[in-house]
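Q: For reference, the structure I am asking about is given below.
Laboratory data are not the source of any read-out in this text; all were calculated from the coordinates shown. Everything numeric in this text was worked out from a predicted model, so none of it was measured. Positions of Cβ are backbone-derived with ideal geometry, glycine not excepted, and every protein chain shown enters the neighbour counts.
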Amino acid sequence: PVGLTASTFPTKLWRLASSPHVRSVRWDGRATGLLIHRALFEHDLLSPAPHTFRALWSRSIVHQLNYYGFYKVPGWVSVAVPGNAEAWLHYSN
């Protein structure tokens, strides 16, 4: 799409969710939203040096998600997510 380059937030997010090597971001079961494990995301992608995103989690990442039409799905829990399902945040678009 026009305006999306390799360095834009949606492109980076798509690559992360589609990569078998990234543990912290994945597509939801319908591939219409994202599951993000905040602690893993911060550890793997934001620290000690931000490799993928030049931001800390809190406001900046959430702001970018909201800016591009994602919204947090409240009260989402799934048994399809291994480990602690409550650690995963669900964002839909």
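Q: Once both labels are modelled 7 Å past Cα along the beta-carbon direction, what's the Glu42-Thr11 spacing in nm?
A: Those two pseudo-labels are separated by 2.9 nm.
Q: Please give, to one decimal in nm, the separation of the simple spin-label points placed at Arg23 and Tyr67, each 7 Å out from Cα toward the Cβ.
A: Between Arg23 and Tyr67, the simple spin-label model gives 2.9 nm.
Q: Now for a different question. According to a simple spin-label model (label point 7 Å from Cα along Cα-to-Cβ), what is the distance in nm between Asn93 and Ala31?
A: Computed distance between label sites Ala31 and Asn93 equals 1.4 nm.
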